[in-house]
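Beneath this line is the structure, given in C-alpha cells, with notes to follow.
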Amino acid sequence: MRTLRLGDTASSVGNDLRAALASWGRGDGVAGGIALIGYRPPDHPEPLEAVILLPRAVLVVVGVDLPDPAMRLEAPLSGVWKTDGWPLTRQDGPVNPAVDALGATSAVSDALESARAEPLPTGTVVAVGPYVGQVAQPSADLVRGVRILHPEPKSLLTAARELSTHTRVCPATDARRMLAALGVELDHADLVAEGFGDVVAPAVAAASTTFIPKVALEANRPEPAQARQRSLRWLPIAAVVLVAVLLITGIAVAISSADEDPGGGQTPHSSAAVPVEGIGYTARGTAEATDCAAHAFGDVQAWLQANRCARLIRARFEAAGRDGRQAAVLVSVLRFAGSASGAELRAVADRPGAGGVRDQAAEGVPWPGDREPAFTSAAYASGREGNSVKLVQAVWLDQTSTPEDPALREIATGALRLGTGT
C-alpha cells in the first residue's frame, strides 16, 4: 500500500488510520493499492480521511471522533448510534455519522465517473475512535458495502478484503485514469508494483500468440528462386496440416453443439469444482434471456420494466463450504448498454426487501438432482463489472438458511468472482 498525503485529515482518528496503512508497507505483499490521505471531493465541505484505490475496489474512508472510548458501538446506517448502550447525542439531538459517510462516497463516485475507466465496486469505511472494542452492524448494512471499525491494521485489512469483490484485477491504465480524475498522477510502473494489472493495449492483448513461431534472422538469406522452391516443397505438408485443423475444429464444434439446448433452456456445465478462497463451486447450468423483467420480482422487477436490460444470465452453482455443508448458489448477471444503469439497479437491489431475480425452478426448470433449494431466505451479495451487475443468492441445500448466516454470506461473496461460462 502506497500512501500519498494530499491534505490534512478531518478527525483525530485519522492518525490511527495512517499508522495502520503505513504498517502494511509498500508493494502488494499485504494488500496493494494507493491511499490518498486527506482527499477532498469536489463540492464537498471537508476532506476525507482517505480514498483507497485497491486492485479490486475503491474504499472511501470517513473519520468519526466519539466523545469517549467505547467497548461496544451499535452503528446502524439508519437510526441512532449507541455507545455502551447510551445514545450518541449532541446539543441538537441524536446523531448518525454514517449519513455523512454515504454522502462522501457518492461524491467520490461522481468524481470517478469522469475517468471513463472500468468501474470498481465502491465501499464505505467509517473509522471510529479514540477506541472501540466491538462494532455491531445490521447484516443489511454489511451487504451494502459499509464497514464501521476502529482502524487497526488487522480490522482495516479484513474490511479491504471483504469489499474487494471485483472479479479481476484493475489494469494499471484504468487506475491511472481514476487517479487522474482525483488529481493525482502516478507512473505505470508504480501502479504495477502495487498490484494493478500490467497489460498492453487491448488490440495487442486480444491477438493470440500461441502458434506464432520464433523467427531466426540468418546472415545468409536464400535467393528468391531458392525461397520459391522451398515454399513449393512445403505446400503438400501445409495442406495436410490445414485439413487436420479443419477436422479437429469440426469435431469440437459438433461436441459443443451437442451440449446446447436448442430450445434456449438450461445449458449444462462441467462438474469440476472451481476453488475460490477455500470454497469449491461446481457449475450446475446456465440460462439466458433478453426480457430481464420477466424473470425478476419486487422492486427489481419494477425497475427493469422501466429501464432496458440487454441480457440476463442466470448461473447455478453448488458450493462446498469450509465446514463441508452444501449450498445452492444463484448468480444473476444483468448487462446494460451503460454503466450508469447498472449502478442504479444495484442500488435498488441492495435495499432490504427490494426483490431480485428468480431461480429457474420457479419457471419449471428443476434444480439438478433430487434437491429443491428455496431462495426465500438467501444470503445476498452484489457487485459490478463494467456495464454488468452481479446479484448472488446462496442457501443451504439440506438445512434452514438465514440471510445473516456468516458462512452463507462468505459463499455468496466468493461467488461474485465466478465466471458464468457465457
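In the range 1-55, the residue that is surrounded by the most Cβ atoms within 10 Å (Cβ to Cβ) out of those that are closer than 24 Å to Asp68 by Cα and among the hydroxyl-bearing types (Ser, Thr, Tyr) is Thr9. Taking the listed residues Ala302, Ala343, Ala315, Ala319, the one that is part of a helix (DSSP H, G or I) and touching a residue at least 60 places away in the same chain (Cβ under 8 Å) is Ala343, with no other qualifying.
Scanning the range 307-366 for residues that are open to solvent by 60 Å² or more (accessible area, probe 1.4 Å) and touching a Lys or Arg at 6+ places or on another chain (Cβ under 8 Å) turns up Arg311, Arg335, Ala337.
When Gly29 is tested against (1) without any contact (Cβ under 8 Å) to a residue 24 or more places away in the chain; (2) under 20 Å from Ser106 (Cα atoms), only condition (2) is not met. Residues in the range 62-77 that are part of a strand (DSSP E or B) and either farther than 21 Å from Val135 by Cα or open to solvent by 10 Å² or more (accessible area, probe 1.4 Å) (or both): how many? So the answer is 7. Among the residues of the range 392-421, the ones that are open to solvent by less than 10 Å² (accessible area, probe 1.4 Å), touching a helix residue (DSSP H, G or I) at 6+ places or on another chain (Cβ under 8 Å) and closer than 30 Å to Leu112 by Cα come to 1 in all. The conditions of being out of contact with any helix residue (DSSP H, G or I) (no Cβ under 7 Å at 6 or more places or on another chain), of a type in the set (Val, Ile, Thr), under 22 Å from Pro130 (Cβ atoms) and assigned to a helix (DSSP H, G or I) are not met by Val80.
Check whether at least one residue in the range 6-19 is modelled with pLDDT of 90 or more, of a type in the set (Gly, Ala, Ser), more than 26 Å from Ala117 (Cα to Cα) and assigned to a helix (DSSP H, G or I), and report yes or no. The answer is yes; a qualifying residue exists. Regarding Leu59, is this residue out of contact with any Ser or Thr (no Cβ under 9 Å at 6 or more places or on another chain), part of a strand (DSSP E or B) and closer than 26 Å to Ser164 by Cα? Considered against the rule, which asks whether it is out of contact with any Ser or Thr (no Cβ under 9 Å at 6 or more places or on another chain), part of a strand (DSSP E or B) and closer than 26 Å to Ser164 by Cα, Leu59 comes out as no.
The values are calculated or read from the model by the stated rules, or taken from the named source; none is laboratory data. What you see is a predicted model, and the numbers here were worked out from it, not measured in a lab. Ideal geometry is used to build each Cβ from the backbone, glycine not excepted, and the neighbour counts take in all protein chains shown. The protein model used for the area step is the full one, side chains on, heavy atoms only, and it has no ligands, DNA or RNA in it. Shrake-Rupley method; radii C 1.70, N 1.55, O 1.52, S 1.80 Å.
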